[in-house]
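Step one of this worksheet: look at the structure below.
Quick note: the coordinates plus some simple rules give every number you see, no bench work behind them. Here the structure is a predicted model, which means the values were calculated and not measured. Positions of Cβ are generated from backbone atoms using ideal geometry, with glycine treated the same way; all protein chains shown enter the neighbour counts.
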Amino acid sequence: MPMDSPRPRNVVALAGGIGGSRFLRGLLAYLNDEPHQDRPQQADSDAPAVTVIGNTGDDIWIHGLRVCPDLDTVMYTLGGGISEERGWGREAETFTVKEELAEYGVEPTWFGLGDRDIATHLVRTQSLAAGFALSEVTAALCERWQPGVRLLPMSDDRAETHVLVDDPSGATTATGEPARIAMHFQQWWIQYRASLPAHGFPIVGIDQAKPAPGVVEAIAAADLIILPPSNPVVSIGTILAVPGIREALVAASAPIVGLSPIIGQAPVRGMADACLTAIGVPTSASGVAGHYGARSRGGLLDGWLVESSDADQVEAIIELGIACRAVPLLMSSVAATAAMAQTAIELVQTNR
């Protein structure tokens with residue numbers, strides 16, 4: 001971006017867990033002019049405001065505790081407490097409670113809570129039981145971690161992602177067809193590693209859910225909206241499913257730019273290919289761009305970045321009505337990720 005290009009003042013990002021969090025770290029590095037960036041330093045008071053709308057479809061009750069994996073991953077990553085090796089949970093974590101629960105034979109054994117992490121879930125669960133909304137609890141938790149963003153859950157209401165799969169027990173219907181069951185997304189994702197073919201992703205409670213306080217207002221006030229390289233189906237897609245959020249994005253005056261979570265024909269991380277296949281979307285950068293659609297044609301995107309190795313898809317994406325550029329998209333370092341953020345912003349600034 002040219003040195004004299006104005007930085008966006010109010011940025012909104014929709015984010016899932018690991019991929020979204022790591023991108024946000026680079027975005028903040030760029031916007032806040034951290035030393036590795038070739039830009040003049042500015043005072044903290046002049047730093048842009050960033051609002052992150054976090055996916056809560058992955059939320060789950062475990063051992064009586066309310067766990068919000070994506071909100072916590074954003075909070076820990078930006079607050080300096082994340083396990084860099086795992087990409088989730090706390091650094092220097094121990095799992096004594098998990099081991100003791102396994103000794104008692106208490107399920108689920110496939111979902112492990114670290115000892116340090118349990119403290120966060122205890123505070124959240126107690127606060128929710130006392131009548132505080134999830135958005136209020138999240139703000140209170142962030143007081144400790146100081147993530148440098150305003151972190152908002154997509155909704156204070158239950159909107160829990162489940163997965164429709166063939167019954168893993170092998171049960172059949174009266175006609176001999178495989179019986180289908182719905183299981184919590186976390187069980188499908190963690191216990192089964194998304195190996196059970198999915199037939200859909202029903203979101204329990206989504207029809208009654210409302211955007212959390214501040215979500216629609218942040219979108220309306222934004223001068224840039226970013227879709228990081230998060231899962232387009234069960235992270236970004238779940239946020240978009242909350243009544244009122246997609247409509248707010250379509251109506252927003254700010255440009256919307258996204259970064260492909262797919263390189264070649266595979267997700268950068270995780271199992272987004274299994275999710276895309278379930279909804280009939282090709283596992284490709286252009287497939288996901290088409291899934292989001294162009295703002296000019298009733299969709300969401302003004303701009304879309306694809307990986308350099310997917311440069312052959314740029315023309316097809318432009319034909320969809322979306323500005324597109326091929327650049328390195330591997331988040332190998334904060335500096336590399338900051339460069340991605342800079343290019344994404346430049347793309348929509350120069351195409352409006």
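The phi-based Karplus calculation (6.51 cos²θ - 1.76 cosθ + 1.60; θ = phi - 60°) puts the 3J(HN,Hα) values of the stretch 305-321 at 9, 10, 5, 3, 5, 9, 4, 5, 9, 4, 4, 5, 5, 4, 5, 6, x Hz, whole numbers, x for Gly and Pro.
Modelled label positions at Val97 and Gln265, each set 7 Å beyond Cα in the direction of Cβ, lie 4.4 nm from each other.
Fewest neighbouring Cβ atoms within 10 Å first, the residues Phe95, Phe201 line up as Phe95, Phe201. Take the Cα of Arg193, step 7 Å toward its Cβ, do the same at Trp110, and the gap between the two points is 1.2 nm.
The fewest-to-most ranking of Trp188, Trp61, Trp304 by surrounding Cβ atoms within 10 Å reads Trp61, Trp188, Trp304.
Taking neighbour Cβ counts within 10 Å as the exposure measure, how do Ser135, Ser260 sort from fewest upward?
Values: Ser135 19, Ser260 26.
Fewest-to-most ranking of Ser135, Ser260: Ser135, Ser260.
Provide, for q = 0.24, 0.29, 0.32 Å⁻¹, the log10 of I(q)/I(0) from a solvent-free Debye sum over equal Cα point scatterers in the stretch 160-204. Debye curve over Cα of the stretch 160-204, log10 I(q)/I(0) at q = 0.24, 0.29, 0.32 Å⁻¹: -0.79, -1.02, -1.14. Considering only alpha-carbon pairs that sit under 8 angstrom and 6 or more positions apart, the relative contact order computed for the chain is 19 percent. Here Arg9 and Ile318 are evaluated by their C-beta separation; at R0 = 30 Å the FRET efficiency comes out at 0.60.
Of the listed values (i) 52, 24, 17; (ii) 38, 21, 18; (iii) 32, 26, 19, grab the one calculated as semi-axes √(5λ) of the Cα gyration tensor in Å from the structure here. Label of the calculated value: (iii).
Between amide H atoms placed 1.01 Å from N, distances below 5 Å from Gly258 occur with Leu227, Gly303, Trp304, Leu305, all of them 5 or more places distant or on a separate chain. For the stretch 130-137, putting each phi into the Karplus relation 6.51 cos²θ - 1.76 cosθ + 1.60 with θ = phi - 60° gives couplings of 7, x, 6, 6, 4, 5, 5, 5 Hz, in residue order, rounded to whole numbers and with x for Gly and Pro.
Give me the number: length gained by fully extending Gln208 to Thr175, i.e. 0.36 nm times residue separation minus the C-alpha to C-alpha distance, one decimal in nm. List each step's numbers first, then the result.
Details: separation 33, 0.36 × 33 = 11.88 nm, distance 3.46 nm.
Length gained, Gln208 through Thr175: 8.4 nm.
Backbone amide hydrogens, once placed in the peptide plane, bring Leu224 within less than 5 Å of Asn10, Val12, excluding anything fewer than 5 places away on its chain.
Relative contact order of the stretch 160-204, taken over Cα pairs closer than 8 Å and 6 or more residues apart, is 54 percent. With no solvent and one point on each alpha carbon, what is the Debye value of log10 I(q)/I(0) for the stretch 95-203 at q = 0.21, 0.22, 0.24 Å⁻¹? Here log10 of I(q) over I(0) equals -1.17, -1.19, -1.22.
Between Ser332 and Glu85, the C-beta separation translates, for a Förster distance of 22 Å, into a calculated FRET efficiency of about 0.90.
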